[in-house]
Each structure stands twice: as C-alpha cells, then as structure tokens.
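K.L.:
One structure is given below, represented as structure tokens, and several questions about it will come after.
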Amino acid sequence: MYLFLITFLVLYGGMHLYAFFKLRDAFRPRPHLVWFLIFWMVVMTIIPLLVRMAEQSGMEKTALIIAWPGYLWMGFLFIFSSTLLFTDTLRHIFRFVLHQLSRQLPEYISSQNACRMALIVAMVASGYACIEAGQIRSEHVVITSSKLHPSISRIRIVQISDVHIGLLLQEYRQARILEEIREARPDILVSTGDLIDGKLNRDFGISELDPLAVLLASVPAPSGKFAVIGNHEVYAGLPQAVAFSRAAGFTMLRNRSISLTNGITISGVDDRAVNPKSLADPGTETALLKSVSRDSFHLLLKHRPEILPESDGRFDLQLSGHVHGGQIFPFNFLVRLKHPIICGTTTTPAGSLIHVSRGTGTWGPPMRLFAPPEVTIIDIVRQQPVK
C-alpha cells in the first residue's frame, strides 16, 4: 500500500511539475498567479488521497464536493501532459532535422506556442471525454456452439463490468446502464468485477438497500445473474461489497462453478487482490476448471484479462474487464504493456475465446476518450450439424 502511494505521488506530482513549468514559461504570469498555480497543483496532487480518507471516515458529502474538481482535473492533466509530451517530442525531432540542414526552428513552433496549442487541445478533448463517458454502447458478440441443449437455439448473456458505483456515478448514467440492460433482454446477466467503487460505510439489509441495487435486482434474467469479485470490491470492503452484489440480485461465484439447465456451466474466480499470494499459486483456478465437464458450454468470469497457460482450452469463453480499454487516450498504449488484450473478442492460443469489456462506468476521472463505455451482448447460438 505504501509503495502504491509513493509511486502515485511521484508520478502524479511529476505530471504537475511538468505542466507547471510549461505553463509558467508559456504565459509568464505575475508572481501572485504563479503562487496560486503552485497552491492549486499541490492541492490537486493530494485530493485523490483526501477523497479516499473522507470516504473511509464516513464524510460522503465532503468527499463528493472535492472529488468532482479533483478527478476532472486529473483527467484534464493527463490529456494536457500527454499532448505536451507529444508536441515537445515533435519539436525536438523537427529541430534535429533542421539542424542537420543548417536551418533554424521557425518562430511559430516555439515552446510557448506549442504549450498554448496543447492547452487548447486538452480543454476541447476533456470536454468531449466528459460527454463520451455517458455514451454507453451495446457491443454485440455472436458465438456458435454445439454444446447447447438441443431444445435451445440461442442463449443471450449480457455483461457489465467496471461499473464503479460510487461518488461520481450520476443518476442519469445509472439509468442509461439499466436501460441498455433491459433493452437487451438477457437470459443471463453477469458482472465481471468492480461493480462498486469507494468505501461502503454500511451493511445492506432488506430494509435499507441501495437504490441502484434495488433497480439492478428488478432487471429480469430468467437463467440467473452472476458476479465475481474485482480488485475494487476489495478496496471498498469485501463483506459490504458482497452484500451489495447479492442485494442487486447476483449470485457470487467465488472460485466455484454452477451448471445451468440450458447447457451452460459458469465458473467464477476471485480477483487476486483478495489473496495476493494466489498470483504465485494458480492451483485454485486450474482445479476449478478441470472439475467442469467439457460437454457443456463453459463460461469463465474473471475480472482481469489474464489467461493462465494451465487454464487455456478448458473454457469456451472468458469474460473479463479491469482495463477499461485504456479509458483515456493515449493511456491505452501504456495499458497494453501489462495487458495485451485491452478490449474486444480474441481467440486464445488453445482455441478458447476471451471478450474483454471496455467497462460500463469510469474509474477516477468521469471521462473517457476514444474508449466509450459498453454493455456487452453475447449471443451463444446452437451450431447446426453438418449434413
């Protein structure tokens, strides 16, 4: 935990320093404005930590008040810093090429002008990213299989992932998510982790359910609703997170499998955040998958888009999330260094399929840039025998 905090402060603080010096040099503000900019950036650096502290102390209103400017600034700063880095790199390349030709860099390509242009781009892109975060798309995947019950021609699975119910998930976005789910008319509804975000300061009993949990519970899914643990359920408080998911109507698949009458077996595994030692011991997942008959269509729910060599080929379809498709461009390039599959449907080396959702909500900044949120519709269609 301390290593994470130190890493976060160093990286996020470094972005602020980079932006500060570029802005100061570009606009040359008066001393009192320089001090205000320093104060603003110091406060913005630590606000994400203050939000978590306020949540954990039960100060939800305070957390909400500071979360909006803090996380919007975080998204803007990332876009601004990335744009600055891109323009600076181009300027240095251009300068090198001109130097080889014994020519000077034109005045209009100065560092000051590049910073001003980056600021305009970041402001426009941030505004668009706030809009795109609310533009939920339905992604449709069709899979054929000979493993369905002969009387069933199609089974529809709807996947939500990384909803991050918390401070910044506004009611209209909640309504859009539920609307997309209802319109899809799922036979099976699954949540592949990070359904909630932030600290839950109460237990969920029959008499005091969260309004969104009640709405999720009201969505019909004749063959059931199933969910797995993601890393943010652990951060929010595992007992409360599990209670919330159950109140929302989900059956929790915590390293176990359930066989349905329609010919589908669903397995779910806990995220490794539940037990960090499990990263070095994949035996639980491997044993679980080996216990499932290969005669049924095997659906694996796993929060992170990781495929163990021992597991590959022992499931027909894995549904995952976690990486948000990068959420804010160009973060998707950094995410690929850790997770090669950041979204979409891919065939594994052993012939299984994995679909990685871009996520249905947002983490941190309520923004998405070129990675719109999704509700995934997976139709498993019975394969017709070859005549």
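All of the numbers you see were taken from the coordinates with simple rules; none came from a lab. These figures come from a predicted structure and were not determined experimentally. Cβ: placed from backbone, ideal geometry, glycine included. Neighbour counts: every protein chain shown.
K.L.:
Let me know the volume per residue of the alpha-carbon convex hull for the chain, in Å³. Provide the component values of the computation, followed by the final result.
P.N.:
Values: hull volume 68.5 nm³, N = 387.
Measuring per residue, one finds 177 Å³ for the Cα hull of the chain.
K.L.:
Where does region 2-132 land on the Kirkwood hydrodynamic radius, alpha-carbon pairs, in angstrom? Please list the in-between numbers first.
P.N.:
Numbers: mean 1/r = 0.0600 Å⁻¹.
Evaluated on region 2-132, it is 16.7 Å.
K.L.:
Another question, if that's okay. In which sequence would Glu233, Glu60, Glu55, Glu132 go, from the one with the fewest C-beta neighbours within 10 Å to the one with the most? Could you put the intermediate results ahead of the total?
P.N.:
Numbers: Glu233 29, Glu60 16, Glu55 22, Glu132 19.
With the fewest neighbours first, Glu233, Glu60, Glu55, Glu132 line up as Glu60, Glu132, Glu55, Glu233.
K.L.:
Quote the FRET efficiency, to the nearest 0.05, computed for Leu49 versus Leu17 with a Förster distance R0 of 25 Å and r equal to the Cβ-Cβ distance.
P.N.:
Between Leu49 and Leu17 the formula returns 0.90.
K.L.:
I would also like to ask the following. Counting DSSP beta bridges in the chain, what percent are antiparallel, to the nearest 5?
P.N.:
Around 30 percent antiparallel, to the nearest 5.
K.L.:
Could you please report the charge total around Val142, scoring K, R as +1 and D, E as -1 over all other residues with beta-carbon less than 14 angstrom from its beta-carbon? Display every interim value, and only then the final one.
P.N.:
Working: positive: Arg154, Arg156, Arg382; negative: Glu139, Asp316, Asp379.
In short, 0.
K.L.:
Same structure, new question: May I ask you to derive the relative contact order of region 251-387, considering only C-alpha pairs under 8 Å and at least 6 residues apart, and to give it as an integer percent?
P.N.:
Computed value for region 251-387: 18 percent relative contact order.
K.L.:
Let me ask you something else. Could you line up Leu337, Leu17, Leu50 from fewest to most neighbouring Cβ atoms inside 10 Å?
P.N.:
Numbers: Leu337 7, Leu17 11, Leu50 16.
Listed from fewest to most nearby Cβ atoms, that is Leu337, Leu17, Leu50.
K.L.:
Hey, another quick one. Among the listed pairs Lys225/Lys302; Lys61/Lys302; Lys290/Lys338, which have their C-alpha atoms separated by more than 22 angstrom in this model?
P.N.:
Table pairs above 22 Å Cα-Cα are Lys61/Lys302; Lys290/Lys338.
K.L.:
Let me ask something else about it. Between Leu353 and Thr261, what length in nm is gained on full extension when 0.36 nm per residue of separation is reduced by their alpha carbon distance?
P.N.:
On the way: separation 92, 0.36 × 92 = 33.12 nm, distance 2.22 nm.
Going from the current span to full extension adds 30.9 nm.
K.L.:
Under a plain spin-label model, where a point goes 7 Å from the Cα along Cα-to-Cβ, how far apart in nm are Trp35 and Gln56?
P.N.:
3.4 nm
K.L.:
What percent of all Cα-Cα pairs in region 83-222 falls into each 10 Å bin, going from 0 up to the bin containing the maximum distance?
P.N.:
Going out from 0 Å in 10 Å bins, region 83-222 shows 9, 24, 20, 16, 14, 11, 5, 1 percent.
K.L.:
Hey, what angle do you get for helix 31-56 against the long axis of the chain, alpha-carbon based, 0 to 90 degrees rounded to 10?
P.N.:
In the chain, helix 31-56 runs at an angle near 20 degrees to the longest axis.
K.L.:
Per residue of region 364-370, what does 6.51 cos²θ - 1.76 cosθ + 1.60 with θ = phi - 60° give for ³J(HN,Hα)? Whole Hz please, x for Gly and Pro, Karplus curve as stated.
P.N.:
x, x, x, 9, 9, 10, 6
K.L.:
A follow-up question, please. Over the chain, with a Gaussian network built from C-alpha contacts below 10 Å, which listed residue (Gly249, Gly237, Gly325) shows the highest mean-square fluctuation?
P.N.:
Result for the chain, Cα springs under 10 Å: Gly237 fluctuates most.
K.L.:
Among Lys338, Lys147, which comes first, then next, by fewest other beta-carbon atoms within 10 Å?
P.N.:
Lys338, Lys147
K.L.:
If you stretched the chain out fully between Ile65 and Ser102, how much longer would it get, using 0.36 nm times the residue separation minus the C-alpha to C-alpha distance?
P.N.:
Gain on extension, Ile65 to Ser102, equals 7.8 nm.
K.L.:
Tell me, in nm to one decimal, what length is gained between Arg137 and Leu334 on full extension, where the rule is 0.36 nm per residue of separation less the Cα-Cα distance?
P.N.:
Extra length from Arg137 to Leu334 when fully extended: 68.5 nm.
K.L.:
I've got another one for you. What FRET efficiency do you get for Phe8 and Asp312 if R0 is 51 Å and r is their Cβ-Cβ distance, rounded to the nearest 0.05?
P.N.:
0.95
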